[in-house]
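Note sheet for the following structure.
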Ligand SMILES: Nc1nc2c(ncn2[C@@H]2O[C@H](COP(=O)(O)OP(=O)(O)OP(=O)(O)O)[C@@H](O)[C@H]2O)c(=O)[nH]1
Ligand SMILES: [Mg+2]
């Protein structure tokens, strides 16, 4: 090998090395590039994954947001619905505590006699009993006062029984009830001597017995809506006796006792009836279902009211009915139609047909009761306008001759002037000695 060869060889080797180096370098670069590319791809992949993750997260968040919105919407709907559900009645101020007078003492004693403790007595109760006692003053005047005057402290005699008979009839107690009471007294007199006070005590017991009989027969001492069922109370009676007013007071009493209450304005005969009811509904925060169109069918109003009552889980649906129609037959047909709708739509509803009677109509009221009882399948009576009438005794005639349990009594035009009937309080107020 010549130098030149060797020089050439060296040169070649150098070149080869250089080439290899270059190649290696290139390979390295390539590898680096690949690596970088790989990293880049990986990065991109990671980024993509990240993006996907973000996207998924976003979607998830969006979904959650949508769900939240939906929930909010639902809550809003619910709250709107709740707003539509009759709420508690507006606060109606408590009556002021009056003087410590005769009315107060009498009322407190009546409550105590029924087992009430001092800390259980409310101003409302005192106020009511005072009203009842005052209301029955006229009935009492022509009766107890005269009786006590006649009797004095002397024992009862057969003659004083004749006087008592006349007084009872005059107070509209009715012939049947009067006969019953007088004959019991007569029997009693045959057994023992009765002084004036003992006579009054015995009389109270007898009157209470007469009033209590239909109540006991009905199996329910106090009429209240049954929870978990739809209770429908129809208020029926001739015009002007106080159906709508009584319904307003009942709506207040019911809402105040936490029953979900609704009113059906089924008196479509009298144009102003719906407005009158709405005023009462507003006072007690109870909704009124009505149909303002002319000649609306009362049964159709009841149909709508039942649908509404079911939707809102109502406990008590109060139905106002017309008192005057073209004929009495129309009135009875209409009531029958309303009842049919109720039976068909809610067969398990508890239906009460309550006859509203104006005490001041005396014997006329009794006639109405008899005629309604024949055709309207009544389950109870409500006596109104006991304030300021001398005919409160008609309550006894209704119990004895029509066999209707008295469920509520009204003694005034105010929202609180209606109470569940309490025979003890009624008889005590009717025969209070002052
Ligand atoms: N003093 C007194 N007035 C009452 C009582 N209840 C109702 N009234 C009055 O009696 C009048 C007639 O009452 P409404 O409730 O409209 O009688 P209604 O039976 O619905 O009458 P119609 O719808 O025409 O059949 C109104 O002026 C009432 O304020 C009560 O207990 N005492
Ligand atoms: Mg009315």
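The values are calculated or read from the model by the stated rules, or taken from the named source; none is laboratory data. Keep in mind that this is a model prediction, so the values were computed, not measured. We place every Cβ from the backbone using ideal geometry, glycine too, and count neighbours over all the protein chains shown.
Odds and ends about this structure:
- Positions within region 209-219 being touching a residue at least 12 places away in the same chain (Cβ under 8 Å) and surrounded by fewer than 18 Cβ atoms within 10 Å (Cβ to Cβ), in sequence order: 212, 213, 217, 218
- Residues within region 258-277 that are surrounded by 17 or more Cβ atoms within 10 Å (Cβ to Cβ) and either farther than 17 Å from residue 342 by Cβ or more than 13 Å from ligand 1 (Cβ to nearest atom) (or both), tallied: 10
- Of the strands (runs of 3 or more DSSP E) lying entirely inside region 182-300, not one contains at least 3 residues that are within 16 Å of ligand 2 (Cβ to nearest atom) and under 13 Å from the mean Cα position of the chain (by Cα).
- If you go through region 365-385 and pick out every residue that is assigned to a helix (DSSP H, G or I) and either surrounded by 15 or more Cβ atoms within 10 Å (Cβ to Cβ) or out of contact with any helix residue (DSSP H, G or I) (no Cβ under 6 Å at 6 or more places or on another chain) (or both), you end up with 11.
- The condition (being closer than 29 Å to residue 283 by Cα and within 16 Å of ligand 1 (Cβ to nearest atom)) is satisfied by just one residue among 236, 232: 236.
- Yes/no for residue 204 being surrounded by fewer than 23 Cβ atoms within 10 Å (Cβ to Cβ) and within 24 Å of residue 351 (Cβ to Cβ): no
- Here residue 357 meets the list (1) within 13 Å of ligand 1 (Cβ to nearest atom); (2) farther than 30 Å from residue 175 by Cα; (3) in a strand (DSSP E or B) almost entirely, failing just condition (2).
- Region 391-401: number of residues that are more than 16 Å from ligand 1 (Cβ to nearest atom) and either surrounded by fewer than 23 Cβ atoms within 10 Å (Cβ to Cβ) or not in a loop (DSSP other than H, G, I, E, B) (or both): 5
- Screening the candidates 388, 362, 412, 323 for the property of being under 30 Å from residue 127 (Cβ atoms), within 16 Å of ligand 1 (Cβ to nearest atom), in contact (Cβ under 8 Å) with a residue 60 or more places away in the chain and part of a helix (DSSP H, G or I) yields one hit, 362.
- Evaluated against (1) away from ligand 1 (no atom under 16 Å from the Cβ); (2) under 28 Å from residue 370 (Cα atoms); (3) in contact with a helix residue (DSSP H, G or I) (Cβ under 6 Å, 6 or more places away or on another chain), residue 248 falls short on exactly one condition, (1).
- Scope region 230-242; condition farther than 20 Å from residue 399 by Cβ and at pLDDT 95 or above; matching residues: 230, 231, 232, 234
- Search result, residues across region 320-352 that are touching a strand residue (DSSP E or B) at 6+ places or on another chain (Cβ under 8 Å), closer than 21 Å to residue 398 by Cβ and more than 16 Å from ligand 2 (Cβ to nearest atom): 351, 352
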